[in-house]
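Here is the structure we will look at.
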């Protein structure tokens, strides 16, 4: 088990959990989102490779209504 | 008649009305208003996904980014770093290079911080972004933005969401006259006639959000703005008559009985 911070909230994830796995867990794998991992933007191609570690900070953003 | 396009960076738009997608009661109302406005480009904000509610509808379910141009903005950013972070994420989401930069300077007026805005424009331009820039109505600063690579200049008419209309037509006119890139009047427009006046001044387009979303009937107001922008543009192209201090009869005076 690892504890990470996702969009400001602490969550627990299974060991060997990738960003790709996380997106599936939250039903976001087919959505237009962008991801920042410990302050760095992760490109789509690296979602599978990036395994989440304890204390990682993740931001998942999308488009919302705005002026 | 030659087709009248609004060309921003590489995009050619038929409609000179750009609409914001904030403040609506529902996504369905947003989509209906956008449709009624005839806009081909909408502004959108970048925010955290709500991870607690997986089934909550999202904007892209209602406005297809393949059919309408999404213009990601940096609303809520108060310095260059925040704005750059937001737009780099927006680009990652699907190759959005055409973006709207706004770096705010004050929570009460939401006036732009022009020093941070110019700094950000410079960096974004170097990174290959096409930047449309929300700015104050100071012609010197507007010129600075253009010199630093802005793809469009977006001076405010009055504070964001205020509905106070065009408060400084002279400055807007000066910016319009000097700019070689499109000038889009952004922020403060309150009602359809304000948009017509802005277009008659010769600006290339207007960006409207609150005036439509906060109207009693937003969808009808969206249609009103569509017509107002077309009217104002045609009026500008037609060239208004010269003002006279005295009357000039509209009917012939010859043959009066």
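The values are calculated or read from the model by the stated rules, or taken from the named source; none is laboratory data. Note that this is a predicted model, so its numbers are computed, not measured. Every residue, glycine as well, gets a Cβ built from its backbone with ideal geometry; the counts of neighbours run over all protein chains shown.
Structure notes:
- Conditions (1) more than 14 Å from chain A (Cβ to nearest Cβ); (2) under 16 Å from residue B:102 (Cβ atoms); (3) more than 13 Å from the chain's Cα centre (by Cα); number of the one not met by residue B:162: (1)
- Boolean, residue B:43 is within 19 Å of residue B:151 (Cα to Cα), part of a helix (DSSP H, G or I), touching a residue at least 12 places away in the same chain (Cβ under 8 Å) and within 11 Å of chain A (Cβ to nearest Cβ): no
- Residue B:185 being surrounded by 21 or more Cβ atoms within 10 Å (Cβ to Cβ), within 14 Å of chain A (Cβ to nearest Cβ) and under 27 Å from residue B:226 (Cα atoms): yes
- Single match in B:121, B:86, B:109, B:60 (criterion: assigned to a helix (DSSP H, G or I) and away from chain A (no Cβ under 12 Å)): B:121
- Hits in segment A:12-34 (condition: facing another protein chain (nearest Cβ under 8 Å) and either in contact with a strand residue (DSSP E or B) (Cβ under 8 Å, 6 or more places away or on another chain) or at pLDDT 90 or above (or both)): A:26, A:28, A:31, A:32, A:33, A:34
- Qualifying positions in segment B:9-36 - more than 13 Å from every other protein chain (Cβ to nearest Cβ) and either in contact with a strand residue (DSSP E or B) (Cβ under 7 Å, 6 or more places away or on another chain) or within 22 Å of residue A:31 (Cβ to Cβ) (or both): B:9, B:11, B:13, B:16, B:17
- Residue B:156 vs. criteria within 30 Å of residue B:192 (Cβ to Cβ) and either buried (at least 19 other Cβ atoms within 10 Å of the Cβ) or free of Cβ contacts under 8 Å to residues at least 60 places away in the same chain (or both): yes
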